[in-house]
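Visitor: Following this message is one structure expressed as structure tokens.
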Amino acid sequence: MAGVRVCVPLLAVALVFAGSVRGGKDRPSLVGAPLDIANADNDEGLQRALQFAMREYNRASNDMYSSRVVRVISAKRQIVSGIKYIIVAEIGRTTCPKPATDLQSCALHDAPHMAKRTTCNFVVYTVPWLNQMKLLDSSCQ
């Protein structure tokens with residue numbers, strides 16, 4: 001009887017260990033965990049979230065020129081009660097004064113004293129079926 005009491009916990013520990021070792025890329029991810037977006041340029045939801053984040057960033061900025069995304073460094077999608085996009089992007093100052101409506105057509109400043117590039121972290125929460133979007137976090141360095 002005492003041997004059974006020792007064997008059951010040891011068996012449980014062995015199963016947990018075996019599951020964690022087996023893992024790797026074949027193991028399914030946790031439900032609700034943020035997942036990488038492989039092709040950020042072709043993800044429509046991410047692009048809408050990024051445009052929204054840039055509108056909010058430019059609205060809050062004291063710079064007389066609008067900024068736009070130079071490149072997406074990383075992007076994740078998390079399914080919550082809506083969709084949360086977690087984005088790290090490099091942004092740059094454009095030649096377009098505020099308020100610019102079509103940022104993609106604005107050229108980036110290339111003069112050293114005017115060019116300004118920074119890395120920003122954006123967290124955008126969206127509920128597409130209710131047409132709602134909110135910038136939860138915006139920090140740049």
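The values are calculated or read from the model by the stated rules, or taken from the named source; none is laboratory data. Note that the structure is a prediction, hence the values are computed from the model and not measured. So basically every Cβ, Gly included, is an ideal-geometry build from the backbone, and we count neighbours across all protein chains shown. For accessibility, only protein heavy atoms count, side chains too; no ligands or nucleic acids. Shrake-Rupley method; radii C 1.70, N 1.55, O 1.52, S 1.80 Å.
Visitor: Pull up region 15-58, narrow it to residues that are surrounded by 10 or more Cβ atoms within 10 Å (Cβ to Cβ) and either of a type in the set (Lys, Arg) or assigned to a strand (DSSP E or B) (or both), then point me to the one that is modelled with the lowest pLDDT.
Guide: Arg27
Visitor: Restricting region 83-112 to residues that are surrounded by 16 or more Cβ atoms within 10 Å (Cβ to Cβ) and small (Gly, Ala, Ser), which is nearest to Leu135 (Cα to Cα)? Give the derivation first.
Guide: Restricting attention to region 83-112, the residues satisfying the condition of being surrounded by 16 or more Cβ atoms within 10 Å (Cβ to Cβ) are 83-87, 89, 91-94, 96, 100, 103, 106, 108-109.
Subsequent filtering for residues that are small (Gly, Ala, Ser) retains 89, 92, 100.
Working: Ala89: 15, Gly92: 19, Ala100: 20 Å.
Within region 83-112, the match that is nearest to Leu135 (Cα to Cα) is Ala89.
Visitor: Could you please find all residues in region 80-89 being in a strand (DSSP E or B) and more than 13 Å from Phe122 (Cβ to Cβ)? I'd like the intermediate steps shown before the answer.
Guide: Keep residues of region 80-89 that are in a strand (DSSP E or B), which gives 83-89.
Scanning region 80-89 gives a single hit, Ile83.
Visitor: State all residues of region 94-120 that are in contact with a Gly (Cβ under 8 Å, 6 or more places away or on another chain), charged (D, E, K, R) and at pLDDT below 90; if no residue qualifies, say none.
Guide: Within region 94-120, just Lys116 meets the criteria.
Visitor: May I pose another question? I'm checking my understanding of the structure. Among residues of region 122-141 that are open to solvent by 50 Å² or more (accessible area, probe 1.4 Å) and within 18 Å of Val70 (Cα to Cα), which one is farthest from the chain's Cα centre (by Cα)?
Guide: Let us first name the residues in region 122-141 that are open to solvent by 50 Å² or more (accessible area, probe 1.4 Å), namely 125, 128-134, 136-138, 140-141.
Those still in the list that are within 18 Å of Val70 (Cα to Cα) too: 138, 140-141.
On the way: Ser138: 11, Cys140: 14, Gln141: 16 Å.
Only one residue tops the list, namely Gln141.
Visitor: Pairs under 7 Å by beta carbon, first residue free of Cβ contacts under 8 Å to residues at least 12 places away in the same chain in region 96-116, partner open to solvent by less than 100 Å² (accessible area, probe 1.4 Å), six or more apart or different chains?
Guide: Sorted first by the residue in region 96-116, then by its partner, the list stays empty.
Visitor: Now a separate question. Say whether the condition of being more than 15 Å from Asp36 (Cα to Cα), part of a strand (DSSP E or B), touching a strand residue (DSSP E or B) at 6+ places or on another chain (Cβ under 9 Å) and not hydroxyl-bearing (Ser, Thr, Tyr) is met by at least one residue in region 72-79.
Guide: The initial filter retains those residues of region 72-79 that are more than 15 Å from Asp36 (Cα to Cα), namely none.
Looking for residues that are more than 15 Å from Asp36 (Cα to Cα), part of a strand (DSSP E or B), touching a strand residue (DSSP E or B) at 6+ places or on another chain (Cβ under 9 Å) and not hydroxyl-bearing (Ser, Thr, Tyr), one finds none in region 72-79, hence no.
Visitor: Yes or no: region 90-97 includes at least one residue that is closer than 15 Å to Gln51 by Cβ, small (Gly, Ala, Ser) and outside any loop (DSSP other than H, G, I, E, B).
Guide: For region 90-97, residues closer than 15 Å to Gln51 by Cβ, small (Gly, Ala, Ser) and outside any loop (DSSP other than H, G, I, E, B): absent.
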